[in-house]
Amino acid sequence: MPPIITIANLSKTYASGLSALKAVDLTIERGEIFALLGPNGAGKSTLINIVCGIVTPSTGTVTVDGHDIAADYRGARRAIGLVPQELTTDAFESVWNTVSFTRGLFGLRKDPGHIERVLRDLSLWEKRDARLMTLSGGMKRRVLIAKALSHEPKVLFLDEPSAGVDVELRQDMWRLVRRLRDQGVTVILTTHYIEEAEEMADRIGVIRGGAIILVEDKAELMRKLGRKQLTLQLQAPLAALPPSLPDRGLELAAGGRELVYTYDAKAEHTGITGLLAALAAAGIGFTDLRTDQSSLEDIFVDLVRERA
């Protein structure tokens, strides 16, 4: 089955000379949750806005569900739901009317049953007759999501969806994302909450300076780049590392009361056996040990720093 989104040689240079995107090639598979990570100004929003038809690219092509975004704008846009960062709503309209109106903009006939399901999924049903101006910021964010889902899109873009929202909404939103994925909807999100990308995404893309520097299956990414640490709680604190111990990946912590060994989890030989033997030979005992795996945040920070 062909990808739901295909991006080829996509670039964007603004009139000011700012190069926001640089020859981006990317494919998004059907039914996956794809997280796009990058620092502020990396090009995340520019990329999303081009795919959604809001910004015109300088070069390159984009197809969405087989529709070229330039040659068949209506077909491409019909397949996309977008939840932007900004809270842009008609303050004097009711929740029901604004969500229903958005569906009509795509030329679809009325479907009260679908609108009700969306509002119930987002805990908006009790607020269906309320004017948007009376809603809290979190409720307005829910309305934006409802509008994006009103025309039953095949692709849902969530641009920093968790920014400034409460914990309850965040949990509701991720439950909804999982249900949508189970129903075959492809979800692309940008986020600063890296722990959510780690929990939710099937694949991770990292963008920096307008260029995609890595795209990888989340589990494979963490397997390839993740580091592990072995922390030993010592029976007696050390003032310095004895010269008989390995000279790489080893450091003292917690005022000399802990010995931390960082190693490559995928390596054929981790060096742990040799370390334990060297500790025994040096007469260094320990009372407890634990291992810790690098998080996606650790990996992301390292990647961005390396490519700087």
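Here are the numbers:
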quantity: Qualifying GluC sites (Glu not before Pro) for the range 28-101 [loop in DSSP, other Cβ within 10 Å: at most 12]; calculated: Glu86
quantity: Viscosity 1.567 mPa s, temperature 4 °C, Stokes-Einstein D of the range 227-293 from Kirkwood C-alpha radius, µm²/s; calculated: 108 µm²/s
quantity: MRE, 222 nm, helices only [DSSP H, n ≥ 4, -39500 (n - 2.57), over the chain, to nearest 500]; calculated: -9500 deg cm²/dmol
quantity: Principal-axis tilt of helix 95-105 within the chain, Cα atoms, nearest 10 degrees; calculated: 80 degrees
quantity: Filtered chymotrypsin sites (Phe, Trp or Tyr not before Pro), the range 18-97: DSSP coil and at most 15 other beta carbons within 10 Å; calculated: Phe92
quantity: Area projected by the alpha carbon convex hull of the range 1-45, averaged over all directions, nm²; calculated: 3.8 nm²
quantity: Unit charges at the beta carbon, dipole of the chain: most positive-side option, Ala219, Leu230, Gly43; calculated: Gly43
quantity: Local electrostatic count, Leu82, Cβ distance below 10 Å [Lys/Arg +1, Asp/Glu -1]; calculated: +1
quantity: Global size of the chain as Cα Rg and Dmax, reported in angstrom; calculated: 24.5, 79
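Where a number appears in this text, it was derived from the coordinates with a stated rule and is not lab data. Every value quoted in this text rests on a predicted model; they were computed, and no experiment measured them. Here the Cβ is made from the backbone with ideal geometry for all residues, glycine too, and neighbour counts use every protein chain on show.
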